[in-house]
Amino acid sequence: MLHQHLELAGRSRLLGALSPSVRACLLSKARVRNFPRGATIFIQVEQARTLKIVLEGRIKLYRVAPSGCEAIVEVCSPGRSFEEIATLRGEAHRVSAQAATDASLLFVDLAGIDACPGAHQELTQAALAAAAESLDMLLDEVEQLKVQNGAQRLSGFLLSFCDGREGRCEFDLPYEKHLIAGRLGMKPESLSRAIGRLRRQGVAIRSDRVTIEDAGSLRRFLSDDPAM
């Protein structure tokens with residue numbers, strides 16, 4: 001395992017909450033796996049046996065409705081863990097996971113967790129905290145879906161890559177537009193219309209390159225009442 005992988009995993013929201021001794025013990029049993037874009041990592045209803053932390057790339061978590069339609073629950077970036085509670089309880093995965101880009105994951109097998117004194121108690125507390133953070137994020141997204149229009153939801157997504165900066169902001173989209181649309185609860189054609197609306201707010205998206213002329217102005221647009 002590369003040194004940078006150990007450092008990132010150690011700072012993750014899950015392992016970062018553990019004592020140094022427990023964290024080192026668990027990392028000694030971990031392994032890294034690489035996945036090409038589009039690869040399935042696990043599917044809904046499979047039993048969860050390992051803790052998973054994103055090291056590189058992006059991981060799409062999704063559910064498939066009886067109609068066959070796909071609902072994207074989250075797109076995890078480096079440092080994120082997922083399905084912690086299901087893994088600790090030995091239950092089935094509640095979502096499916098796929099590599100949205102080329103990705104590397106750290107897998108921590110819990111079969112030998114008893115060899116790490118105190119690990120079960122510490123992991124349980126850390127997993128509950130991580131699950132609470134995920135719930136807060138989902139509640140924020142539900143609120144956005146109910147009170148914001150498509151252009152505002154896209155604005156919030158784009159501004160998350162400006163790190164709180166004011167003025168001009170430029171960056172590349174982290175993954176494909178159809179995945180961004182699903183992440184924001186929109187159809188691809190709705191995303192295209194939202195991109196068109198944001199041109200009036202000083203936002204240009206050419207291929208995968210995003211230019212925001214004034215991030216502060218876009219934040220004010222994001223906070224506007226969409227009914228006005």
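Each Lys or Arg adds one and each Asp or Glu subtracts one; over the other residues with Cβ under 12 Å from the Cβ of residue 166, this totals +1.
Annotation: for a label point projected 7 angstrom from Cα along Cα→Cβ of residue 21, residues of region 104-144 with backbone N closer than 16 Å are 114-123.
Surface composition of the chain: carbon plus sulfur atoms contribute 51% of the solvent-accessible area (1.4 Å probe, protein chains only, all chains present). For the pair residue 137/residue 200, report the inter-label distance in nm, with labels modelled 7 Å from Cα in the Cβ direction. Each label point is offset 7 Å from its Cα along the Cβ direction, giving 3.3 nm.
So for region 43-96, considering every pair of alpha-carbon atoms, how many percent are separated by more than 18 Å? Beyond 18 Å sits 34 percent of the P(r) for region 43-96. Here region 76-140 has an Rg and Dmax of 13.1, 39 Å, counting Cα atoms alone.
Accessible surface area normalised per residue over region 1-81 is 52 Å², counting heavy atoms of protein chains with a 1.4 Å rolling probe. Can you give me the span-like helices of the chain, meaning DSSP H runs with 30 Å or more of Cα extent along the axis and Kyte-Doolittle mean at or above -0.5? The answer, listed by residue number, is 119-147.
The Cα atoms of region 1-82 cover 47, 22, 18 Å along the three principal axes, with the biggest extent listed first. Quotient of the Cα radius of gyration of the chain and 2.2 N^0.38 Å, N being its number of residues: 1.11.
Counting only Cβ charges, +1 for Lys and Arg and -1 for Asp and Glu, the dipole size of region 167-228 around its Cα centre is about 140 debye. Listed by chain and number, the lysines whose C-alpha is less than 27 Å from the C-alpha of residue 187, apart from same-chain residues fewer than 8 away, are 60, 146, 177.
Annotation for region 196-217 versus region 159-184: alpha-carbon center distance of 10 Å. Each helix, a run of at least 4 DSSP H residues, gives -39500 (n - 2.57); summed and divided by the residues of the chain, these come to -11500 deg cm²/dmol at 222 nm. Residue 30 sits among other residues whose Cβ lies under 12 Å from its own Cβ, and their net charge, with Lys and Arg +1 and Asp and Glu -1, is +4.
The values are calculated or read from the model by the stated rules, or taken from the named source; none is laboratory data. Everything numeric here is computed off the predicted structure, so don't read it as measured data. Please note: Cβ atoms are built from the backbone with ideal geometry, for glycine as well, and neighbour counts cover all protein chains shown. For accessibility, only protein heavy atoms count, side chains too; no ligands or nucleic acids. Shrake-Rupley method; radii C 1.70, N 1.55, O 1.52, S 1.80 Å.
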